[in-house]
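FYI, it's all coordinate maths here, none of it is from the lab. Just so we're clear, the structure is a prediction, and the values are computed from it rather than from any experiment. Every residue, glycine among them, receives a Cβ derived from its backbone with ideal geometry; neighbour counts consider all protein chains shown.
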């Protein structure tokens, strides 16, 4: 239940400290320029399949075209299914992809799930940027029981659909992969050709089959809780970039000048479709063993696609910091918001507001009320959660539309002053509500 800062003799201290630690964090005035263009929150009834308006099921062990590779081209051993035993919504706002094993053979008898978006047109607006983000809990498994597990959240270039033989030139962007329950995150761009040997033994300009990859990035707790995985394809900067984030922290960047212009354009100058799957076995994790556990699912809380137009684009990162609130028995509120814009020193604004415990809220007026700054739900009060939402909007992790009444100036962004006004409204009541 949301803690409230409003009421007669309310005693509460709210401390919100948000820090952007990456060296090129988006200035607050630019953060709200991302617009949500598509999402799935997976709010369907329990034990139902995904919406076929949004998704299509991949089934079997490959696309089935003439010349298409078997085992999805990776050597994985599962058979993909559209059964609600393998792919379903849990009724609590999650997509569940559940690999199941039957029989006595360690490498056969596996079924799992793989779904793709119906849409193939997710791409940056001309000269702008696109972000694709999902909140995921990887399969909660490790050690020998995790051998062969390969959860993934990724995208393929639109020209792949219906052709199926033009990989990797069409571009594959792996937003999240982990193997064998190792608590890692791999971000990778696959592109180019499979011809031309490199000194390291890889092929083509994108070093296949490894790709242009982050390698293993530590992802502590990614099997036991939800974490935000995000990629941004940015056409507004030179060189163009693909940036990977884990919980708002950028951990890898791919630049267009790492490959020739034709390779980059062929891989990125088109739409993409999104894929979720849990594979078992294959060239990356290796085969499952007799010790590999069955029925340990990947959970997806949401998937969202954002766009940022050319006019507002800036060559920066967009971290998704986490704001926290700590209640104590006092009625003083301190809000500290730290912003780290490009090439400028870190600036910190701190304000302390004190409320007299005997102060009561003004009775609602009989005329049409003026919206109270920070009252995102328009219920006449400002809560801790609503202030945290404003802080995260200011830093770019949440769209401004989620708290329209936080944007007092109606300029499409949340400022430090507006956050402080909301804190004051939380303590002393909304004079206009």
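Applying 1/(1 + (r/R0)^6) with R0 = 41 Å to the Cβ-Cβ distance of residue 41 and residue 258, what FRET efficiency is obtained, to the nearest 0.05? In this case the efficiency is close to 0.70.
Can you tell me which of 59-65, 106-112 comes out highest on packing, and rank the rest after it, using the mean Cβ neighbours within 10 Å?
Values: 59-65: 13.7, 106-112: 18.9.
The packing order, highest mean first, is 106-112, 59-65.
Where both residues lie in region 35-312, what percent of DSSP beta bridges are antiparallel, nearest 5? Don't skip to the end; give the middle numbers.
On the way: 74 of 76 bridges.
In region 35-312, DSSP labels about 95 percent of beta bridges as antiparallel.
Using only the Cα atoms of region 132-269, build the gyration tensor, take square roots of its eigenvalues as a ≥ b ≥ c, and label the shape rounded, prolate or oblate: rounded if a/c is under 1.5, else prolate if a/b is larger than b/c, else oblate. The shape class here is prolate. Approximating the spin labels as points 7 Å out from Cα along Cα→Cβ, the residue 144-to-residue 310 distance works out to 6.0 nm.
Decide, for region 116-211, between rounded, prolate and oblate: order the square roots of the alpha carbon gyration tensor eigenvalues as a ≥ b ≥ c, take rounded if a/c falls under 1.5, and otherwise choose prolate if a/b is larger than b/c, else oblate. The shape class here is oblate.
Sorted fewest first by neighbouring Cβ atoms within 10 angstrom, 176, 130 come out as 130, 176.
May I ask you to sort 272, 186, 226 by Cβ crowding, counting other Cβ atoms within 10 Å and putting the fewest first? Numbers along the way, then the final one.
Working: 272 27, 186 22, 226 17.
Fewest to most other Cβ atoms nearby, the residues stand as 226, 186, 272.
Stretching the chain fully between residue 237 and residue 224 yields a gain of 1.0 nm (0.36 nm per residue, less the alpha carbon separation).
Extension gain for residue 68-residue 84 works out to 3.1 nm (0.36 nm per residue, less the C-alpha to C-alpha distance).
Quick one: Debye curve from the alpha-carbon atoms of region 35-312 only, equal weights, vacuum; give me log10 I(q)/I(0) at q = 0.08 Å⁻¹ to two decimals. Debye intensities relative to I(0), on a log10 scale: -0.31. Ordering 306, 57 by the number of other Cβ atoms within 10 Å of each residue's own Cβ, fewest first, gives 57, 306. Bridge orientation summary for region 42-144: considering DSSP beta bridges with both residues in this region, about 85 percent are antiparallel.
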